[in-house]
1. Could you give me the residue pairs with C-beta distances under 6 Å whose first residue belongs to region 79-93 and is under 11 Å from PHE21 (Cα atoms), whose second residue is of a type in the set (S, T, N, Q) wherever it lies, and which are 6+ apart or on separate chains?
2. With the checklist (1) among the small types (Gly, Ala, Ser); (2) assigned to a loop (DSSP other than H, G, I, E, B); (3) within 14 Å of the ligand (Cβ to nearest atom) in hand, flag the one item SER240 doesn't pass.
3. Which one of ARG293, ARG301 is assigned to a helix (DSSP H, G or I) and exposed (fewer than 15 other Cβ atoms within 10 Å of the Cβ)?
4. Out of ASP281, ASP267, I need the residue that is over 29 Å from ARG294 (Cβ atoms), of a type in the set (Asp, Glu) and within 14 Å of the ligand (Cβ to nearest atom). Which one?
5. Quick test for you: out of ASN249, ASN184, pick the one residue that is closer than 22 Å to SER85 by Cα, crowded, with 17+ Cβ neighbours inside 10 Å and more than 11 Å from the ligand (Cβ to nearest atom).
6. Could you count how many residues in region 94-104 are hydrophobic (A, V, I, L, M, F, W, C), closer than 13 Å to ASP156 by Cα and more than 17 Å from the chain's Cα centre (by Cα)?
7. Within region 84-102, track down each residue that is in contact with a helix residue (DSSP H, G or I) (Cβ under 6 Å, 6 or more places away or on another chain) and either more than 16 Å from the ligand (Cβ to nearest atom) or part of a helix (DSSP H, G or I) (or both).
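The values are calculated or read from the model by the stated rules, or taken from the named source; none is laboratory data. These numbers were taken from a predicted model, which means no experiment stands behind them. Heads up, the Cβs are rebuilt from the backbone with ideal geometry, glycines too, and the neighbour counts pull from every protein chain shown.
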Amino acid sequence: MSFSAPPGSQPTAVVTGGAGFLGSHLIDRLLAEGWRVIGIDNFLTGSERNIAHLEGRADYRFIKQDVSEPFTVDEPVHLVFHFASPASPIDYLQVPIETLLVGSHGTKNCLDLAHTKGATFLVASTSEVYGDPHVHPQTEEYWGNVNSIGPRSCYDEAKRVAEAYTMAYYRVHGVDTKIVRIFNTYGPRMRLEDGRVVPAFIGQALKGEPLTIFGDGSQTRSFCFVSDLIDGIYRLSQSSEHLPVNIGNPHEMTIKEFAEAILSIVDTPSKLEIHPLPADDPKQRKPDISKARRVLGWEPRVGFDEGIRQTIEYFLGVLGTQAKCRLR
Ligand code: UDP
């Protein structure tokens, strides 16, 4: 661990959004690395199920708190990860104001915590800051193509202002800040009903229902398995990099190809069903990860087939008897 905690004390990390998909995996990694961890969540989109396995651990504490409201932590803190936010298009379309607040006020509150405690700060930003990109694959230098008044703007602009706050605290207060731009990630602990394409298609295939393709399915995404993503984020937290770093898997596929891959892995009667394309849905997305390779010595290791099978196994467990189909 490159971070130096006061002698004799265990270094402590705060993870906001600690009951979420990424936050809970990040907590597991921090605990495995020897950190004491304080998870914070208000359960707007997080789930108690994601952190149930941590109950009773002496090196873990949970605080129920909306971080868009000012808050303090009554013990030393050395590292603050701000991961609280609705993150699926369906979620943030339902709670656009909460999404804007947690990206803006929430980020400021977490930066204030880091500043007061003398802690390092790392914010979860997103490939959505590139909007519907005109540069492909997306490099960190690209400024993006975001519609500031469209339905996705509550998330995109919240994350852009989160980055702006973070750079301002770095420049004005000298807080040791980091920004990760997270591309599409999948794995166990995603919510089956969060509307994102990975849980949607897997859930539909396991139930034998049609796979709902939005548009003609020619739009692309590049899916990263969660353990790879968390490894990149942990490395970034231990690095001296202050400017944004893309973390994601550059293995790009169309949504139709993704649907066909699910149908080839799950033994299901499901067919493809075309639905309207949501407004401002990015047509292509693929991270350029040269910087992560160079600065963090990181690259994804888990192949699509391995990662998607682990994810399907997880959803089989969640669905129980509702699952009518199995892995081939
Ligand atoms: N999508 C789809 N069917 C679904 C859910 C999503 O075709 O049931 C498409 C969506 O239009 C987008 C892509 O899959 O082009 C990824 O969507 P997701 O909501 O997972 O994340 P995004 O990358 O858009 O934030």
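1. Once the first residue is under 11 Å from PHE21 (Cα atoms) and sits in region 79-93, its partners that are of a type in the set (S, T, N, Q) give PHE83/THR16; ALA84/THR16; PRO86/THR45; PRO86/THR99.
2. Every listed condition holds for SER240 apart from (3).
3. Details: ARG301 fails: assigned to a helix (DSSP H, G or I).
Being assigned to a helix (DSSP H, G or I) and exposed (fewer than 15 other Cβ atoms within 10 Å of the Cβ) holds for just one of ARG293, ARG301, which is ARG293.
4. On the way: ASP267 fails: within 14 Å of the ligand (Cβ to nearest atom).
Selected residue: ASP281, the only one of ASP281, ASP267 that is over 29 Å from ARG294 (Cβ atoms), of a type in the set (Asp, Glu) and within 14 Å of the ligand (Cβ to nearest atom).
5. Working: ASN184 fails: more than 11 Å from the ligand (Cβ to nearest atom).
Only one candidate qualifies: ASN249.
6. As a first pass, look at region 94-104 and keep what is hydrophobic (A, V, I, L, M, F, W, C): 95, 97, 100-102.
Filter once more, keeping what is closer than 13 Å to ASP156 by Cα: 97, 100-102.
Of the ones still in play, those that are also more than 17 Å from the chain's Cα centre (by Cα) are 97, 101.
Selection size over region 94-104: 2.
7. Step one: filter region 84-102 for residues in contact with a helix residue (DSSP H, G or I) (Cβ under 6 Å, 6 or more places away or on another chain), giving 84-86, 92, 96, 99-100.
Answer for region 84-102, where residues must be in contact with a helix residue (DSSP H, G or I) (Cβ under 6 Å, 6 or more places away or on another chain) and either more than 16 Å from the ligand (Cβ to nearest atom) or part of a helix (DSSP H, G or I) (or both): ALA84, TYR92, PRO96, THR99, LEU100.
Each row is one residue, and each column tells you yes or no for (1) within 16 Å of the ligand (Cβ to nearest atom); (2) modelled with pLDDT of 95 or more; (3) surrounded by fewer than 23 Cβ atoms within 10 Å (Cβ to Cβ).
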{"position": "ALA164", "(1), (2), (3)": "no, yes, yes"}
{"position": "ASP176", "(1), (2), (3)": "no, yes, yes"}
{"position": "GLU193", "(1), (2), (3)": "yes, no, yes"}
{"position": "LEU206", "(1), (2), (3)": "yes, yes, no"}
{"position": "VAL245", "(1), (2), (3)": "no, yes, no"}
